[in-house]
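Shown next, in structure tokens, is the structure this report addresses.
The values are calculated or read from the model by the stated rules, or taken from the named source; none is laboratory data. As the structure is a computational prediction, the values presented were derived from the model and not from experiment. Methodologically, a virtual Cβ is constructed for each residue, glycine included, from the backbone with ideal geometry; neighbour enumeration extends over all protein chains shown. Just the protein is used for accessible areas: all its heavy atoms, side chains included, with ligands, DNA and RNA removed. Shrake-Rupley method; radii C 1.70, N 1.55, O 1.52, S 1.80 Å.
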Amino acid sequence: MAYEAIHRFARISPRKVRPLADLIRGKGADAALDLLRYQPHRGARMLEKVLRSAMANAEDRRAQNLHHLTVVDVCVDQGPMFKRMRPKARGMSSIIKRRMSHIRLALE
């Protein structure tokens, strides 16, 4: 049985979080927490919160062997974007895209 947690509309680009997600995929939950704790990236804090939430969901559903949970699936998808305009030379403008992501993590 999989225990999931989702952080929707995280204010970080998915491209910045995906390498960290690849780092913890397939690891034990405790080992993944240790890996994320010492990463200097902002996305590591977000993944750490989602992982702690999934572990709490497993504990809440009375999962057996809480110490043997593994990270089965980590998915970082594109969310919506804030689009802003920035003035440029000769009366033109460019679009600034503030990207968001949806972080989904499953333990088993």
- Message: Starting from a Cα-only point model with no solvent, please compute log10 I(q)/I(0) by Debye for the chain at q = 0.18 1/Å.
- Response: -0.81
- Message: Can you sort Ser93, Ser13 by solvent-accessible area, 1.4 Å probe, largest first?
- Response: Ser93, Ser13
- If R0 = 25 Å, then Lys83 and Ile6, at their Cβ-Cβ distance, give a FRET efficiency to the nearest 0.05 of 0.55
- Rounded to the nearest 0.05, what FRET efficiency is calculated for Glu108 and Gln39 with R0 set to 25 Å and r the Cβ-Cβ distance? 0.60
- Query: Label-point separation (nm) for Arg52 and Ile95, each offset 7 Å from Cα along Cα-to-Cβ?
  - Reply: 3.7
- Task: Using a 1.4 Å probe over the heavy atoms of the protein chains, calculate the carbon and sulfur portion of the accessible area of the stretch 7-108 as a whole percent.
- Result: 49
- In percent, how large is the relative contact order of the chain, given Cα pairs closer than 8 Å and 6 or more residues apart? 43
- Message: With θ taken as phi - 60° and the coefficients 6.51, -1.76 and 1.60, list the Karplus ³J(HN,Hα) couplings across the stretch 4-18 in order, rounded to whole Hz; mark glycine and proline as x.
- Response: 10, 9, 10, 10, 9, 6, 6, 7, 8, 5, x, 5, 7, 9, 4
- Under a Gaussian network model of the chain whose springs join Cα atoms within less than 10 Å, the largest fluctuation of Ile24, Ile95, Ile12 belongs to Ile95
